[in-house]
Amino acid sequence: MKIDLAGQVALVTGGGRGIGRACSLTLARLGATVIINYWRSRDAAEELEKEIVGEGGGARAYQADVSDPGAVDAMFQFIRQEYRRLDILVNNAGIVQDALLLSMTLQDWTSVHATNLNGPFLCTRLAVEMMLRQGGGKVVNVASASAHVGGRGQTNYAASKGGLVAFSRAGAVELARKGIRINAVLPGFIETDMSLPVRQQAAGKLLERIPARRFGRAGEVANLVAFLASDASDYIVGQAIAVDGGLSAS
Ligand code: NAI
């Protein structure tokens, strides 16, 4: 199997760091021109843009808070003006704001939902508008094993990721006949800044729960994202696929 994304335009939200960075790099190396969306990590996104361009690929860092409808509108206006098409959307931007349920504030709840769920909704709606005009496209949503495996202090996060899986499934059913495929990936514990505190606190305990006995690498999630973003996975529709070393299977 050879994946060739030459001529395609991809948007990766939160694409300058961690899993998003790996997705941007992988899609670019497969030939796609990548818009690296970032919010606060300008340096990381601009460095990645340089790295991809230095390798002969196409990339552009673009700042937008995905939870802000106005900023998302402006980003899509930029994409329409600059590239005139969008073939791949990777809804990767996400945050955690852990708290035990009794002490969780409404702000903890709504801010996580604003980024993890409203963000994909706002971006997908505008991406689908472009994809319908082009006759198709692919959306890959980066959810989490937390959608299926409970974790203390993560009711807000788990609900947002469970919601993202349900959103992917319903959207896929609605849009598959138009040539737009939506799927989700469910990473387990992946070595990024986000999981660092929990990996530092309880590495031994966590590794005992993971049949593969190691944490995942961002590139391993990106490989699945690239497969789902390519024609090689054309008959996979509305699925949520784990990349978690067996965590959710055990
Ligand atoms: P990270 O914290 O390294 O990266 C998150 C990215 O999202 C950053 O680039 C950040 O700037 C961006 N971001 C956050 N809020 C944003 C906003 N409002 N607008 C635009 N960008 C925003 O985290 P990591 O690990 O790379 O996470 C990527 C995705 O993978 C997230 O959706 C996360 O929930 C998910 N995930 C991560 C796991 C892990 O173990 N690292 C496990 C399961 C899921």
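The values are calculated or read from the model by the stated rules, or taken from the named source; none is laboratory data. Since this is a predicted model, take the numbers as computed values, not measurements. Every residue, glycine as well, gets a Cβ built from its backbone with ideal geometry; the counts of neighbours run over all protein chains shown. These area figures cover heavy atoms from the full protein model, side chains too; ligands, DNA and RNA do not enter into them. Shrake-Rupley method; radii C 1.70, N 1.55, O 1.52, S 1.80 Å.
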Once label points are set 7 Å from the Cα along Cα→Cβ at both residue 201 and residue 74, what is their separation, rounded to one decimal in nm? 3.6
Once both axes come from the Cα atoms, what is the angle between helix 119-134 and the longest principal axis of the chain, in degrees from 0 to 90, rounded to 10? 30
Those trypsin sites (Lys or Arg not before Pro) from the range 188-236 that are DSSP loop and have at most 13 other Cβ neighbours within 10 Å turn out to be 213, 214
With label points set 7 Å from each Cα along the Cα-to-Cβ direction at residue 231 and residue 212, the distance between them in nm comes to 2.9
Summed side-chain charge close to residue 38 - residues other than residue 38 whose Cβ falls under 15 Å, Lys, Arg +1, Asp, Glu -1: -2
Using the Cα centre of the chain as origin and beta-carbon charges of +1 (Lys, Arg) and -1 (Asp, Glu), tell me which of 11, 52, 64 is placed farthest towards the positive end of the dipole. 11
Semi-axes a, b, c in Å (a largest) for the range 56-170, each sqrt of 5 times a Cα gyration tensor eigenvalue, come to 29, 15, 12
What does the helix-only formula give at 222 nm for the chain: each DSSP H stretch with n ≥ 4 adding -39500 (n - 2.57), the total divided by the residues, and the result rounded to the nearest 500 deg cm²/dmol? -14000 deg cm²/dmol
Based on the alpha carbon coordinates of the range 1-79, what radius of gyration and maximum Cα-Cα distance (Dmax) apply, in Å? 12.0, 40
Determine the gain in length on full extension of the stretch residue 43-residue 1; use 0.36 nm per residue of separation and subtract their C-alpha separation, reporting nm with one decimal. 11.6 nm
Along the charge dipole of the chain, which of 166, 105, 31 sits closest to the positive end, that is, farthest toward it, with unit charges on the beta carbon of Lys, Arg, Asp and Glu (+1, +1, -1, -1)? 166
Working from Cα positions, state the angle (0 to 90°, nearest 10) between the long axis of helix 155-175 and the longest principal axis of the chain. 30
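If I compute solvent accessible area with a 1.4 Å probe over the protein chains, what percent of it on the range 13-52 is carbon and sulfur?
Answer for the range 13-52: carbon and sulfur cover 42 percent of the accessible area.
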Accessible surface, the range 135-249, averaged per residue in Å² (probe 1.4 Å): 46
If I model a spin label at residue 81 and residue 110 as a point 7 Å from the Cα along the Cα→Cβ vector, what separation in nanometres do I get? 3.2
What angle do you read, to the nearest 10 degrees and between 0 and 90, between the alpha-carbon axis of helix 218-228 and the longest principal axis of the chain? 50
For the range 1-92, which GluC sites (Glu not before Pro) are in a loop by DSSP, counting at most 14 other Cβ atoms within 10 Å? 55
Across the alpha-carbon set of the range 174-250, Rg over Rh with Rh taken as the Kirkwood radius works out to 1.08
Filter 50/178; 161/205; 50/161 down to the pairs with a C-alpha to C-alpha distance above 30 Å, please. 50/178; 50/161
Kirkwood Rh and Cα-based Rg: tell me the resulting Rg over Rh for the chain, rounded to two decimals. 0.95
Running a GNM on the chain with Cα contacts under 10 Å, which residue among 234, 87, 65 ends up with the highest mean-square fluctuation? 234
Which far-off residues, 5 or more places away or on another chain, put their amide H under 5 Å from the one on residue 180, with H placed in the peptide plane? 137
Counting other C-beta atoms within 10 Å, and keeping those with at most 16, which DSSP coil trypsin sites (Lys or Arg not before Pro) do you find in the range 1-64? 2, 40
